[in-house]
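**Q** Pasting a structure here, questions to come.
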Amino acid sequence: MAPEQFKGQTNKVEQDDLIVAQLKRGEQSALRKLYNIHGKRVYALSLRLSGDREIAEDITQEVFVQIWQKIHNFRGDSKFSTWLHSVASNVAISHMRKQKAWWRSWFGSDEQNETELANIKTDDDLTNHDLSRSGLDKHIAKLPEQARIVFVLFAIEGWRHEEISKELNIAVGSSKSQYHRAKQLLQITINSELDR
């Protein structure tokens, strides 16, 4: 890593440390600063996990409420951004568990939910052949819920299957098979798009 890049990361860590100190003193303006720095990343994670823009916005708001309420739990053993990421993942998964029960009570089975998810429209101005990160996100959003969550946590967020199994209360083998399923489904959809 070039020295100027390392310096930029050090400045971000120092900036986070200052904001955390302000939050711990109860300074509400620090929460806005924190949102300005990390809000897009939290939203992106929430969108990838939920597959829905409105739900992602709700999750993002809830994450920052939780940060405000739980900032005193941050001891500084790791970088703040790592702790924030963990809080965001936990809030997103918890939110989706609650939503799933509500969704099922109104709309029925998981297959119906997956059909609804597959019909999500994106407003990307990208061509059909664009497989950039935004284009891939469009395909990820169409994956069945559990496969999508496992794929995002493992492939994008870097969680281990053991961590995913604990968080989602599934077997490690189930996590691995859901990841494999997600990869297969993504490959099929990407190949069919390229064949057009």
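The values are calculated or read from the model by the stated rules, or taken from the named source; none is laboratory data. A quick note: this is a predicted structure, and the numbers were derived from the prediction, not measured. No Cβ is skipped: glycine too gets one built from the backbone with ideal geometry, and neighbour counts run over all protein chains shown. What goes into the accessible areas is simple: the full protein's heavy atoms, side chains included, and nothing from ligands, DNA or RNA. Shrake-Rupley method; radii C 1.70, N 1.55, O 1.52, S 1.80 Å.
**Q** Can you tell me which residues in the range 144-168 are of a type in the set (D, E, K, R), assigned to a helix (DSSP H, G or I) and open to solvent by 30 Å² or more (accessible area, probe 1.4 Å)?
**A** E145, E162, E163, K166, E167
**Q** Being open to solvent by 50 Å² or more (accessible area, probe 1.4 Å), over 18 Å from the mean Cα position of the chain (by Cα) and modelled with pLDDT of 85 or more, is that true of even one residue in the range 33-53?
**A** Looking for residues that are open to solvent by 50 Å² or more (accessible area, probe 1.4 Å), over 18 Å from the mean Cα position of the chain (by Cα) and modelled with pLDDT of 85 or more, one finds at least one in the range 33-53, hence yes.
**Q** Which residue is nearest to G76 (Cα to Cα), if the candidates are limited to the range 2-32 and must be basic (K, R) and at pLDDT 90 or above?
**A** Applying the filter and picking the extreme gives K24.
**Q** Looking only at the range 169-196, count how many residues are of a type in the set (A, V, I, L, M, F, W, C), surrounded by 16 or more Cβ atoms within 10 Å (Cβ to Cβ) and more than 18 Å from K138 (Cα to Cα).
**A** Residues meeting the conditions: 1.
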